[in-house]
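Worksheet: one structure, shown below.
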Amino acid sequence: MGAQLRVYKRRIKSVSATKKITRAMEMIAASRVVKAQRQVAASTPYATELTRAVGAVAKGSTTQHALTTESENPTRAAVLLITSDRGLAGGYSSNVIKAAEELTERLTHEGKEVDAYIVGRKGVAYYTFRERKVTESWGGFTDNPTYADAKKIAGPLIEAVLKDTAEGGVDELHIVFTEFVSMLTQTPVKDRLLPLSLKEKAEEQERKGEILPLFDFEPSSEDVLDALLPRYVEARIYNALLQAAASKHAATRRAMKSATDNAEELIKSLTRLANAARQADITQEISEIVGGASALADASAGSD
């Protein structure tokens, strides 16, 4: 039984070391998710005012723009998938990848060829393992994205939408990311970014009772759209990156807390087993001592 006791002690020591690591990771993730939430809140006013400006252009102009014009027969679509660079976040990456797969399947059934644009090493690894083509990918910043990262991503996507499909362009741009709802809830979201229906944006603002100011466009409404729409796409991608980062940190915190709790339960279970093994050792030693003493007593009685 002494050997069994040593095994239990080694396992308790190993699990205790793991518990320290998961506890530290839980605390780090908790601090990062607070920062990410603040960044999401800070980016919202800019995106809101940009949307209002785009809605104002829609209401006050009849200009047709390449980024707002629906294709009569769309045959190609781009899907931007935002995952994580790291694991240890439960089902965070797998859930958003599953949502992207559902969107890809739907677009394929509609007769559209899908180009994959991926943010995060987890998504790239998923596609690489299945030997599926990735048009372009980015990584290394998913835990703490910046507006420069969003601009870097938006550039090739806007260029692809502006191109003709015969030259490798796309008719539609979709984005799949994880929306941060709360510390306990993060929801995969599928949204179409382009072509943007300006009329729908204006009508949505009217339904909400928002009063749009009157604008004069200089030099023209088309030039205003040329300036606003790329910024709008960048802002949407930046907000999605921040939402995804906050969701990932929340998922990591939840996963590490669960791992820490499991480690504590395992330590308690192993401690009970170790105590039982120790008691068994003591009982066996006492039995051996009593048995030895009885044998000596019997031997002494027989010699007498």
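The values are calculated or read from the model by the stated rules, or taken from the named source; none is laboratory data. This structure is a prediction, so every number in the text was calculated from the model and none was measured. Cβ placement follows ideal geometry from the backbone for every residue including glycine, while neighbour counts extend to all protein chains displayed. SASA here: full protein model, heavy atoms, side chains in, ligands and nucleic acids out. Shrake-Rupley method; radii C 1.70, N 1.55, O 1.52, S 1.80 Å.
Odds and ends about this structure:
- Three-way shape label, region 106-169, alpha-carbon gyration tensor, a/c 1.5: oblate
- Zero-based 5 Å bins, Cα pair distances in region 1-54, whole percents: 4, 16, 11, 10, 10, 8, 8, 7, 6, 5, 5, 4, 3, 2, 1, 0
- The length gained on full extension between A47 and A166, counted as 0.36 nm times the residue separation minus their Cα-Cα distance, comes to 39.6 nm.
- Protection proxy ranking for 182-192, 97-107, using the average of other Cβ atoms within 10 Å per residue and placing the highest first: 97-107, 182-192.
- Extension gain for A30 to E110 (0.36 nm times residue separation, less C-alpha to C-alpha distance): 24.6 nm.
- Given a 1.4 Å probe and the protein chains as shown, T165 ends up with an accessible area of around 50 Å².
- Among D149, D164, the order of accessible area from largest down is D164, D149, computed with a 1.4 Å probe on protein heavy atoms.
- K257 - accessible surface, heavy atoms, 1.4 Å probe, Å² rounded to 10: 90 Å²
- Region 140-202, relative contact order [Cα under 8 Å, separation at least 6], %: 21 percent
- Within the assembled protein chains, the solvent-accessible surface assigned to T18 is about 70 Å², based on a 1.4 Å probe.
- If you plug the beta carbon distance of V189 and T271 into 1/(1 + (r/R0)^6) with R0 = 41 Å, you get a FRET efficiency near 0.35.
- Label-to-label distance for Q4 and R231 is 7.4 nm, based on points extended 7 Å past Cα in the beta-carbon direction.
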